[in-house]
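Colleague: I have a structure here, written as structure tokens, and I will follow up with some questions on it.
The values are calculated or read from the model by the stated rules, or taken from the named source; none is laboratory data. Just so we're clear, the structure is a prediction, and the values are computed from it rather than from any experiment. Here Cβ is always computed from backbone atoms with ideal geometry, including for glycine, and neighbour counts include all displayed protein chains.
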Amino acid sequence: MKPPFYRRYVIVALVCSILSIATVLQMMRINYTPFALDLIAKSEDYQGVRKTIYPPRGTIYDRKGNILATNQIGYEVGLDLKFVTDPESIAFAASTLLEELDYLDVFALASTEKRADENRYYVLSSYVSKEKVEELEQIKENYAKRRQETKSLKPSLSGLIWTPMQQRTYPEGSLGANILGFYNYFSRETAQGVFGVEEAYNRLLTGKPQTVYMPNDPNLIEALPDIEPGASLILTIDREIQKMLEETLQQALDWSGGEGGTIIVADPKTGEILGMASTPYFNPNEYWAYEATFPGITPYNRAVGTAYEPGSVFKVITMAAALDSGAADLNTTYNDASGVYWVSNSWPIYNWNYGAWGVQDMTGCMRYSLNVCLAYVAIDLLGPDLFYEYLQAFGFGRSTGIDLASEANFPLRLPENNQWVTLDLATNSFGQGIAVTPIQMVAAVSAIANNGRMMTPHVVRSVIDKGQQYNVTPQVINNPISPETAQAMTEMLAYSLEEEASIALVDGYRVAGKTGTGEIPTELGYTSNLTNASFVGWGPTDDPQFVVYVWIEKPTISPWGSEVAAPIFKDVVEQLVVLMRIPPDSVRAGMVSD
Amino acid sequence: MKNHILQAYKQAPWRIQIQWIGLFLLALVLVASITGVYLSISAQAAASGRKIQSLERQINNINNEIAELTAELATVRSIENMQSKAEALGFAPLNPREAVYLEIPGYNPHADLALAPPRVSIIAESPSVRAAYKISLWDWLVQNIWQAPLRESQLEGEVLP
């Protein structure tokens, strides 16, 4: 028997069930309407953000651990339109504190209605100082208090956000900037090292950025992955030597009227560059002034980026080749009867003073820097094959492999090239008609100072990565000459300086060296009166610990390397021996005998 | 007769009701317990999440502060500043002719600067994760409950020098 009102109960139950099912179906349907999908898409904005974390860029130290490049924190101030509620307050605060911002511009931007398909974040200013950000924070707090008091939504800086970001800084200012290069940090996504060590070691210094998803739901938050900072570098550069070189070079340019110049100091035994000054000087903290400092084709570092005709300093290479090959020995003589040497009976070669110097041995040829003698040695004694073989063994015609960006290299014109003529051999022997970089000269001459072993010039001494230090092992490039030849060359050039009572001589220290005066070619030939004045020297001769290369471009006080570059060499060495703690020869001899 | 027997063994209606109520309450307690545990864990996870965020922020701030202080120290110790301080203290650049050199046995002015430990090829096992977290519960029980007395007895039997 059915209970009373059974049918009515059934109808009510059915109606309730149908209504429930209909409600559920409607809820499901609403979820798939375009409006709902749009809403869901919008909600993703609030679920979290995908963020790229950039590891801090590695620090660069000098050889004694002084910081040459590191990071400080600057702030990016930006506007997130999604959260903006009070454009007026934002425009007022931003334009008052950040001078470069205009009230109306910020107000217009902050008043823009945010559209879903548009970028909602705009950068107002990059690398704002910590002090200014602290002021903004103070204003924000004050506004929050006022809102509480007035129970209103204004004033508010909601939407104005600041995030810390890495900013490269060079505490020594322009010191060593030509070696360091710079880091163009303004655009964080495309920032990279430019020139010098910053470019050559960019990948190591940068580290590996990682993109992570950061949910807003606290249940989903996880610890961020450990991101290793970029590797740090210890350079071979000594900041005291570097400063001394830069000051000496600047004084030398002021005194000589030169257009530019470079001085390099290297350790011939390891190839380590101890200092490398190059004009113009540049403050990498203001790297945006790069184009004003280096207009046109001005090289960033002329020590590695400029090839030039070195002049007579190159005779060191020619003479080393002649002695090492056996084509000449110290007693070989040349009779400079007329002061002219005819190449293939067509082209005359003259001495620097157009004079005749009579019978000279090889030491005399170097001492008086006789072009005719060196042309004779190259053409009649060495011959083109042997001469260019030695030049290539000394590394000319290819890069030295120094770990700095933008190394220039000028290919050698060899006898197998169509344009080569015998005159090239004659002029190349005394450093004309051939273009070399100062660093190539340093690497080649270091072989003579280092018993015939040529080392790869380098500026990085150690790399610190993942908490461990890797020391760079000096690399031998080649052994272009024998130790005996190297010692003979050192003795010959030391003797030449002493006999000439050269301005380059340094009290208490025996040094070897050679001057160079290179003519500068123009479109019409060697018609300019301006020259490249150079000097290359090393010492102490019994245990060479430094090679110094000086190049002054277009000096006006005198065209001669012996008058312009030699005194700069002396000046550098006098300061260098103190900074490198090298006792005078007599003191060292006493120490050895003790 | 059959009905009589059934009636004799049939549960009293109130007992059946009590059983149903008991089952319902059991289910309710179970659901409440699971909900409670879930809520508690969720709350803990949320609190942990916020703590992680806060610690990450602290790490960031500390790293930023370290970077700031490092840069500041480097500026204070820059060669320009150090020279002017030295000059203010009455020091002057050394004249090579006035230099006095002393031989110090064992001193190597060209020694490599060490700012970090040298590279090592052996990578030690990370000690941060304890062994207990890397084995199953069963293995842990075997090791610590069943094998532990065995090890102790072995040790007791060993003859130590």
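Colleague: Among the listed residues A:PRO348, A:PRO295, identify the single one that is farther than 25 Å from A:VAL459 by Cα, of a type outside the set (Asp, Glu), not assigned by TED's automatic domain parsing to the domain that holds A:GLY364 and not in a helix (DSSP H, G or I). Steps first, please.
Modeller: Details: A:PRO348 fails: not assigned by TED's automatic domain parsing to the domain that holds A:GLY364.
The match here is A:PRO295.
Colleague: Here is a follow-up. For the range A:147-177, name all the residues that are within 14 Å of chain B (Cβ to nearest Cβ) and among the polar types (S, T, N, Q).
Modeller: A:THR163, A:GLN166, A:GLN167, A:THR169, A:SER174
Colleague: Can we say A:GLY275 is more than 11 Å from chain B (Cβ to nearest Cβ), touching a His at 6+ places or on another chain (Cβ under 9 Å) and within 13 Å of A:VAL459 (Cα to Cα)?
Modeller: Details: more than 11 Å from chain B (Cβ to nearest Cβ): yes; touching a His at 6+ places or on another chain (Cβ under 9 Å): no; within 13 Å of A:VAL459 (Cα to Cα): yes.
Against the criterion (more than 11 Å from chain B (Cβ to nearest Cβ), touching a His at 6+ places or on another chain (Cβ under 9 Å) and within 13 Å of A:VAL459 (Cα to Cα)), A:GLY275 does not qualify.
A quick yes/no check of all residues on (1) among the small types (Gly, Ala, Ser); (2) under 19 Å from A:THR70 (Cβ atoms):
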site: A:ASN184; (1), (2): no, yes
site: A:GLU198; (1), (2): no, yes
site: A:LEU205; (1), (2): no, yes
site: A:LYS208; (1), (2): no, no
site: A:THR211; (1), (2): no, no
site: A:MET214; (1), (2): no, no
site: A:LEU220; (1), (2): no, no
site: A:PRO225; (1), (2): no, no
site: A:SER232; (1), (2): yes, yes
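Colleague: Considering only residues of the range A:39-66 that are touching a residue at least 60 places away in the same chain (Cβ under 8 Å) and more than 14 Å from every other protein chain (Cβ to nearest Cβ), which is farthest from A:THR163 (Cα to Cα)?
Modeller: Initially, the range A:39-66 is screened for residues touching a residue at least 60 places away in the same chain (Cβ under 8 Å), giving A:41-42, A:46-66.
From what's left, more than 14 Å from every other protein chain (Cβ to nearest Cβ): A:41-42, A:46, A:50, A:52.
Details: A:ALA41: 26, A:LYS42: 24, A:TYR46: 19, A:ARG50: 15, A:THR52: 13 Å.
Selected residue: A:ALA41.
Colleague: I need the full set of residues from the range A:228-283 which are part of a helix (DSSP H, G or I) and polar (S, T, N, Q), in order please. Steps first, please.
Modeller: Applying the first criterion (part of a helix (DSSP H, G or I)) to the range A:228-283 yields A:239-256.
Residues satisfying the conditions are A:GLN242, A:THR248, A:GLN250, A:GLN251, A:SER256.
Colleague: Mind telling me which of the residues A:ALA108, A:ALA69, A:ALA91 ends up being within 14 Å of chain B (Cβ to nearest Cβ) and either in contact with a Ser or Thr (Cβ under 9 Å, 6 or more places away or on another chain) or not in a strand (DSSP E or B) (or both)? Lay out the reasoning, then the answer.
Modeller: On the way: A:ALA108 fails: within 14 Å of chain B (Cβ to nearest Cβ); A:ALA91 fails: within 14 Å of chain B (Cβ to nearest Cβ).
After applying the criteria, what remains is A:ALA69.
Colleague: Hey, another quick one. Could you list, in sequence order, the residues of the range A:221-249 that are more than 7 Å from chain B (Cβ to nearest Cβ) and hydrophobic (A, V, I, L, M, F, W, C)?
Modeller: A:ILE227, A:ALA231, A:LEU233, A:LEU235, A:ILE237, A:ILE241, A:MET244, A:LEU245, A:LEU249
Colleague: Could you tell me whether the range A:270-282 includes any residue that is over 16 Å from the mean Cα position of the chain (by Cα), over 19 Å from A:VAL197 (Cα atoms) and either modelled with pLDDT of 95 or more or surrounded by fewer than 24 Cβ atoms within 10 Å (Cβ to Cβ) (or both)? Walk me through it before giving the result.
Modeller: Restricting attention to the range A:270-282, the residues satisfying the condition of being over 16 Å from the mean Cα position of the chain (by Cα) are A:270-271.
Narrowing further to those that are over 19 Å from A:VAL197 (Cα atoms): none.
No, the conditions are met nowhere in the range A:270-282.
Colleague: State whether the residues of the range A:439-451 include one that is within 14 Å of chain B (Cβ to nearest Cβ) and β-branched (Val, Ile, Thr).
Modeller: In the first step, residues of the range A:439-451 are kept if they are within 14 Å of chain B (Cβ to nearest Cβ); the result is none.
No, the range A:439-451 contains no residue that is within 14 Å of chain B (Cβ to nearest Cβ) and β-branched (Val, Ile, Thr).
Colleague: Moving to a separate point now. Collect the residues in the range A:276-309 that are small (Gly, Ala, Ser) and touching a residue at least 60 places away in the same chain (Cβ under 8 Å), keeping them in residue-number order.
Modeller: Step one: of the range A:276-309, the residues small (Gly, Ala, Ser) are A:277-278, A:289, A:292, A:296, A:303, A:305, A:307.
Across the range A:276-309, the qualifying residues are A:ALA277, A:SER278, A:ALA303, A:GLY305, A:ALA307.
Colleague: Is one or more of the residues making up the range A:395-404 under 29 Å from A:SER446 (Cα atoms), under 35 Å from the mean Cα position of the chain (by Cα) and among the aliphatic types (A, V, I, L, M)?
Modeller: First, the residues of the range A:395-404 that are under 29 Å from A:SER446 (Cα atoms): A:395-404.
Next, from what is left, pick out any that are under 35 Å from the mean Cα position of the chain (by Cα): A:395-404.
With among the aliphatic types (A, V, I, L, M) added as a condition, the list becomes A:402, A:404.
There is at least one residue in the range A:395-404 that is under 29 Å from A:SER446 (Cα atoms), under 35 Å from the mean Cα position of the chain (by Cα) and among the aliphatic types (A, V, I, L, M).
Colleague: For the list (1) surrounded by fewer than 21 Cβ atoms within 10 Å (Cβ to Cβ); (2) in contact with a strand residue (DSSP E or B) (Cβ under 7 Å, 6 or more places away or on another chain); (3) of a type outside the set (Lys, Arg), I need the number of the one condition that A:TYR495 fails.
Modeller: So A:TYR495 meets the others, but not (2).
Colleague: Now, a different point. Does any residue of the range A:561-574 turn out to be closer than 26 Å to A:LYS64 by Cα and among the hydroxyl-bearing types (Ser, Thr, Tyr)?
Modeller: no
Colleague: Still on this structure, I have one more. Any residue in the range A:455-465 that is assigned by TED's automatic domain parsing to the domain that holds A:ILE520 and free of Cβ contacts under 8 Å to residues at least 60 places away in the same chain? Write out each step before concluding.
Modeller: Initially, the range A:455-465 is screened for residues assigned by TED's automatic domain parsing to the domain that holds A:ILE520, giving A:455-465.
Subset that is free of Cβ contacts under 8 Å to residues at least 60 places away in the same chain: none.
For the range A:455-465, residues assigned by TED's automatic domain parsing to the domain that holds A:ILE520 and free of Cβ contacts under 8 Å to residues at least 60 places away in the same chain: absent.
Colleague: Let me ask something else about it. Got a sec? Which of A:PRO411, A:PRO384 is within 33 Å of the chain's Cα centre (by Cα) and either at pLDDT below 95 or part of a helix (DSSP H, G or I) (or both)? Can you show your working first?
Modeller: Values: A:PRO384 fails: within 33 Å of the chain's Cα centre (by Cα).
Unique residue meeting the criteria: A:PRO411.
Colleague: Scan the range B:64-87 and tell me whether some residue there is away from chain A (no Cβ under 13 Å) and in a helix (DSSP H, G or I).
Modeller: Start the filter on the range B:64-87 by keeping residues that are away from chain A (no Cβ under 13 Å), which leaves B:85, B:87.
From what is left, the residues that are in a helix (DSSP H, G or I) are B:85, B:87.
Yes, the conditions are met somewhere in the range B:64-87.
Colleague: While we're looking at this one, here's another question. Consider A:LEU245 carefully, then state whether it is hydrophobic (A, V, I, L, M, F, W, C), buried (at least 23 other Cβ atoms within 10 Å of the Cβ), touching a Phe, Trp or Tyr at 6+ places or on another chain (Cβ under 7 Å) and modelled with pLDDT of 95 or more. Walk me through how you get there before you give the answer.
Modeller: Working: hydrophobic (A, V, I, L, M, F, W, C): yes; buried (at least 23 other Cβ atoms within 10 Å of the Cβ): yes; touching a Phe, Trp or Tyr at 6+ places or on another chain (Cβ under 7 Å): no; modelled with pLDDT of 95 or more: yes.
Against the criterion (hydrophobic (A, V, I, L, M, F, W, C), buried (at least 23 other Cβ atoms within 10 Å of the Cβ), touching a Phe, Trp or Tyr at 6+ places or on another chain (Cβ under 7 Å) and modelled with pLDDT of 95 or more), A:LEU245 does not qualify.
Colleague: Can you pull out every residue in the range A:546-578 that is within 9 Å of chain B (Cβ to nearest Cβ) and touching a residue at least 24 places away in the same chain (Cβ under 8 Å)?
Modeller: Here is the first cut: in the range A:546-578, the residues within 9 Å of chain B (Cβ to nearest Cβ) are A:574-575, A:577-578.
Within the range A:546-578, A:GLU574, A:GLN575, A:VAL577 meet the criteria.
Colleague: Ok, one more. Considering A:LEU124, A:LEU180, which residue is within 14 Å of chain B (Cβ to nearest Cβ) and crowded, with 18+ Cβ neighbours inside 10 Å? Steps first, please.
Modeller: Numbers: A:LEU124 fails: within 14 Å of chain B (Cβ to nearest Cβ).
When all the criteria are applied, what remains is A:LEU180.
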